[in-house]
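Structure first, then comments.
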Ligand SMILES: Cc1ncc(C[n+]2csc(CCOP(=O)(O)OP(=O)(O)O)c2C)c(N)n1
Ligand code: SF4
Ligand SMILES: [Mg+2]
């Protein structure tokens, strides 16, 4: 039996990354994710790894790009304003097909915003963020345990598909403490014949590059990459159903919002309202299949810590055939179970 | 200018896309000759910039990566920290290294990152068609300083080598030129030293190569080399600005 340890969400990410074989971390301080850097700074030198505080988020993501190209499991972490600065590097990483893990412990925005938890980087994370035709795998943990397990999963997906996997967390899950277990899961490693290792005079040079001056070549490359993305959409979507069997109302929420929403769903059930919850675990690919199965649902409620971003994907997933309402707080505020319960009751009136 | 008679082994057969008379070709050859002489082609990893030398990845036979504009030193840092046994170099222009990438330059120097930086200062943005660079001279006419660089309006050109030499971090900072045979020979010596330093684990070694851009300076290759001598070198004097090991040996 693996032991139960009490850990902060941010530390769970760091420890899980190390267990996944990550030995290179590059970052720049920002609240509320600093514990990840602090943990790495302490641990990496003891295990033959590298922790380096870069001069900016721009530099740190480009260090990640170099390390990824060198064939290493590598990560960086930041929070919203810092993730904005990393977009250039994320686009280059996408265009060069190298694997990386990026953590965004979101805080409220826009601008310098605030340091309280938020989910308002949903669009940035799931729709691109940087320039060009590309996708990012986005994983949304809702517990400290998932901070760990999705970090390990994220490294695996990044290596498997040669792209960025992002952990889209929020300040609450980053800061909260919960007991977790690290199962001694087998860590899969991948051959990286494309990596920059030096030719040793034994092969033609490897080139890691995102420049294609001939439009037909760039188009071909983008088509190929989107075939890969289609495969991911088919195979990698993850979600949790909660009380969905007979649900007529469905709350959709991820991350910290889903935990509050679960309480509200349970309370509504005790009032006899047939309500369930779909909790997307992957935000891209969005778990559309979960909605296909929810054909008896008559109304959806998207619960978000933003002005309503995921709601667009919920509408698409329902084919815009069912009413979808928004129950939200923003700017670092979190809805109470009662606010969500009220939204469920209101939706119930229409059913 | 034919001081190189044979193509170095560390250059591929791909023909250079550079304009006729562009010193980028000479500087590539010098780097490749040094790689050949040190026998390090098999363990070298090069970082190409955004600028005229963006396709350097096609020209060198070693493993190569293409970095975002100005980020080459950060990318090189990432590689070198993963593979300290490899030799990692960047090849960057003045817009790349001294404008958009100045933070990456200064901080990799301050960390004494054990990499080699080849910095090609041609006082202009070559690739985008001749705009003012952070190194364009006072009064220099460019597409974006059509009346000549007015230092009261847009500031003074940056002497990168002098500035970096004020830092405690870097091991070696030197400025060379490639406008005549003698300077080319000395440029090669400095480049070799910058690679040897890395192999010996001494740290950040940058060679600023005062170059030319005949195309965007609107000059013949010959006139451009003369302008290097008459206008560039007085503002950007050749010399070794920092050599920690030599200083410590004294
Ligand atoms: C982020 C970004 N900004 C601007 C550009 C456009 N751009 C391409 S090359 C270049 C200037 C390169 O000049 P320099 O570094 O001096 O190299 P040279 O071409 O003179 O060798 C610029 C601004 C870009 N590719 N990326
Ligand atoms: S534009 Fe200038 S720097 Fe670029 S290849 Fe032509 S001459 Fe050389
Ligand atoms: Mg230039």
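The values are calculated or read from the model by the stated rules, or taken from the named source; none is laboratory data. Just so we're clear, the structure is a prediction, and the values are computed from it rather than from any experiment. Cβ coordinates were reconstructed from backbone atoms using ideal geometry, including for glycine residues, and neighbour counts include every protein chain displayed.
What are the residue pairs meeting all of these: first residue in segment B:114-135, first residue within 14 Å of another protein chain (Cβ to nearest Cβ), second residue within 13 Å of ligand 2 (Cβ to nearest atom), Cβ atoms under 6 Å, and 6 or more apart or on different chains?
B:127/B:51; B:127/B:52
Could you check segment B:106-131 and list, in sequence order, the residues that are surrounded by 24 or more Cβ atoms within 10 Å (Cβ to Cβ) and within 14 Å of ligand 3 (Cβ to nearest atom)?
Within segment B:106-131, B:118, B:119, B:120, B:121, B:122, B:123, B:124, B:125, B:126 meet the criteria.
For segment A:76-93, give me the residue count where each residue is away from chain B (no Cβ under 12 Å) and either closer than 20 Å to residue A:188 by Cβ or assigned to a helix (DSSP H, G or I) (or both). I'd like the intermediate steps shown before the answer.
In the first step, residues of segment A:76-93 are kept if they are away from chain B (no Cβ under 12 Å); the result is A:77-84.
Of the ones still in play, those that are also either closer than 20 Å to residue A:188 by Cβ or assigned to a helix (DSSP H, G or I) (or both) are A:80-84.
Residues flagged as away from chain B (no Cβ under 12 Å) and either closer than 20 Å to residue A:188 by Cβ or assigned to a helix (DSSP H, G or I) (or both) within segment A:76-93 amount to 5.
Does segment B:30-50 hold any residues that are surrounded by fewer than 24 Cβ atoms within 10 Å (Cβ to Cβ) and within 16 Å of ligand 2 (Cβ to nearest atom), and which are they?
Within segment B:30-50, B:50 is the sole residue that qualifies.
Test of understanding: among A:192, A:214, A:234, A:220, which residue is more than 12 Å from the chain's Cα centre (by Cα) and within 23 Å of residue A:25 (Cβ to Cβ)?
Step by step, each of A:192, A:214, A:234, A:220 is checked, and only A:192 is more than 12 Å from the chain's Cα centre (by Cα) and within 23 Å of residue A:25 (Cβ to Cβ).
Collect the residues in segment B:35-57 that are touching a strand residue (DSSP E or B) at 6+ places or on another chain (Cβ under 8 Å) and facing another protein chain (nearest Cβ under 7 Å), keeping them in residue-number order.
B:43, B:44, B:45, B:54, B:57
Criterion first (surrounded by fewer than 21 Cβ atoms within 10 Å (Cβ to Cβ), assigned by TED's automatic domain parsing to the domain that holds residue A:68 and at positive phi) does residue A:97 satisfy it?
So residue A:97 passes the test.
Which one of these is buried (at least 20 other Cβ atoms within 10 Å of the Cβ), touching a residue at least 40 places away in the same chain (Cβ under 8 Å) and within 14 Å of another protein chain (Cβ to nearest Cβ): A:137, A:61?
Going through A:137, A:61 in turn, just one is buried (at least 20 other Cβ atoms within 10 Å of the Cβ), touching a residue at least 40 places away in the same chain (Cβ under 8 Å) and within 14 Å of another protein chain (Cβ to nearest Cβ): A:61.
At least 2 residues that are more than 14 Å from residue B:119 (Cβ to Cβ) and away from ligand 2 (no atom under 16 Å from the Cβ) in each: list the helices (runs of 4 or more DSSP H) lying fully within segment B:134-244 that qualify.
Once the helices (runs of 4 or more DSSP H) in segment B:134-244 are filtered for at least 2 residues that are more than 14 Å from residue B:119 (Cβ to Cβ) and away from ligand 2 (no atom under 16 Å from the Cβ), what remains is B:151-154, B:181-199.
What do you reckon, is residue A:216 at pLDDT 95 or above, assigned to a strand (DSSP E or B), more than 14 Å from every other protein chain (Cβ to nearest Cβ) and surrounded by fewer than 18 Cβ atoms within 10 Å (Cβ to Cβ)?
So residue A:216 does not fit the description; no.
Checking residue B:85 against (1) touching a residue at least 40 places away in the same chain (Cβ under 8 Å); (2) at the interface with chain A (Cβ under 10 Å from one of its Cβ atoms); (3) surrounded by fewer than 24 Cβ atoms within 10 Å (Cβ to Cβ); (4) assigned to a helix (DSSP H, G or I), which test does it fail?
So residue B:85 meets the others, but not (4).
Among the residues of segment A:153-174, is any free of Cβ contacts under 8 Å to residues at least 12 places away in the same chain and either surrounded by 18 or more Cβ atoms within 10 Å (Cβ to Cβ) or more than 21 Å from the chain's Cα centre (by Cα) (or both)? Let's see the steps before the verdict.
Step one: filter segment A:153-174 for residues free of Cβ contacts under 8 Å to residues at least 12 places away in the same chain, giving none.
Within segment A:153-174, none of the residues are free of Cβ contacts under 8 Å to residues at least 12 places away in the same chain and either surrounded by 18 or more Cβ atoms within 10 Å (Cβ to Cβ) or more than 21 Å from the chain's Cα centre (by Cα) (or both).
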